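The values are calculated or read from the model by the stated rules, or taken from the named source; none is laboratory data. Quantities reported herein were computed from a predicted structural model and do not represent experimental measurements. Cβ placement follows ideal geometry from the backbone for every residue including glycine, while neighbour counts extend to all protein chains displayed. Areas reflect the complete protein model, heavy atoms only, side chains present, ligands, DNA and RNA absent. Shrake-Rupley method; radii C 1.70, N 1.55, O 1.52, S 1.80 Å.
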Amino acid sequence: STKKNLAIEGNLPTGVTVTYKNNEKTNAGTYTVTASFTVDGNYEEIPDMTATLTINKATYDMSAVDFSGKTVTYNGNVHSLEVVNLPEGVTVEYEENGQINAGRYIVTANFIYDFLNYNEISSIQALLIINKATYNMDDISFVGGNFTYDGTPKSIYITGTLPTGVNVTYKNNAQTNAGSYTVTAEFTGDTDNYNKITARTATLLINKANYNMSFVRFTSKSFVYDGTEKSLAISGTLPTGVSVSYA
């Protein structure tokens, strides 16, 4: 960044002075410098002299520069990589930096610098990995249920508050008839940024009911033979769905 110049060598004759054109340059490049001489009027003019002033491009010291990748877990925030220890006068622009969603991203750092006076700085890359997060299902329980048949559907459900964005559906739930059923609770959420949620199972048990026969009587009777058939019959009203036969 300092001025560079050329100067003639040797001792000029008495009465001769020199001036320069296109001398004292700062920026890198190749310059033709002209040395012009003025002489005493009693001497012939001295032809101009030329020489080349070359200022080569410098090289930035990038030995301390670090651009490291990193691995994080999705949390809904923006994640970025950063170049550190840049030389003075060098700045950086990024490609594919500042990511939110889970994935693998190759981030490119492009350098901005005084390209007129410094050699090229090659772009560098690093890997940004955002791993999928895991939903916190610690508050969720799915336990079995024990019912007695009454002709209406019976179901079991999870308890607890689902994480935001998670929904649940059930398979083999809402059973009516007596029996033992394995019910599956399946969860859906943001599959792009969260790991799959493991389904849970529980047992829905519907026990057989007992008919209410408290109002039904079957009483013994005695008869005297008279040549006609004699029979016994229940008394009271049978519950709905119950019939009787006699042997």
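Within region 154-210, work out how many residues are without any contact (Cβ under 8 Å) to a residue 12 or more places away in the chain and over 37 Å from the mean Cα position of the chain (by Cα). Let's see the steps before the verdict.
Residues of region 154-210 without any contact (Cβ under 8 Å) to a residue 12 or more places away in the chain: 164, 191, 196, 198, 210.
Now narrow it down to the ones that are over 37 Å from the mean Cα position of the chain (by Cα): 210.
Number satisfying all stated conditions: 1.
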(message) I need the full set of residues from region 168-181 which are open to solvent by 70 Å² or more (accessible area, probe 1.4 Å), part of a strand (DSSP E or B) and of a type outside the set (S, T, Y), in order please.
(response) K171
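How many of the residues making up region 32-64 are over 30 Å from T14 (Cβ atoms) and of a type outside the set (G, A, S)? Outline the logic, then answer.
In the first step, residues of region 32-64 are kept if they are over 30 Å from T14 (Cβ atoms); the result is 54-64.
Restricting the remaining residues to those that are of a type outside the set (G, A, S) gives 54-57, 59-62.
Residues flagged as over 30 Å from T14 (Cβ atoms) and of a type outside the set (G, A, S) within region 32-64 amount to 8.
Each row is one residue, and each column tells you yes or no for (1) farther than 30 Å from A133 by Cα; (2) open to solvent by 60 Å² or more (accessible area, probe 1.4 Å); (3) part of a loop (DSSP other than H, G, I, E, B).
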position	(1), (2), (3)
V183	no, no, no
D192	no, yes, yes
T198	no, yes, yes
T201	no, yes, no
Y211	yes, yes, yes
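Filtering region 8-18 down to residues that are assigned to a loop (DSSP other than H, G, I, E, B) and open to solvent by 70 Å² or more (accessible area, probe 1.4 Å), which residue is farthest from N42 (Cα to Cα)?
E9
With respect to I130, determine if the residue is of a type in the set (A, V, I, L, M) and either at pLDDT below 95 or over 29 Å from H79 (Cα atoms) (or both). Please lay out each step first, then the result.
Details: of a type in the set (A, V, I, L, M): yes; either at pLDDT below 95 or over 29 Å from H79 (Cα atoms) (or both): no.
Here the answer is no, as I130 does not meet what is asked.
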(request) Would you tally the residues in region 85-99 being over 24 Å from the mean Cα position of the chain (by Cα) and over 18 Å from N119 (Cβ atoms)? (result) 1
(request) Restricting attention to strands (runs of 3 or more DSSP E) lying wholly within region 59-159, give those where 2 or more residues are among the β-branched types (V, I, T) and surrounded by 13 or more Cβ atoms within 10 Å (Cβ to Cβ). (result) 70-73, 103-112, 124-131
(request) Among the numbered conditions (1) of a type in the set (V, I, T); (2) within 30 Å of V78 (Cβ to Cβ); (3) open to solvent by 90 Å² or more (accessible area, probe 1.4 Å), tell me where T188 comes up short. (result) (3)
(message) I need a count of the residues in region 19-58 that are on the phi < 0 side of the Ramachandran plot, part of a loop (DSSP other than H, G, I, E, B) and not hydrophobic (A, V, I, L, M, F, W, C).
(response) 13
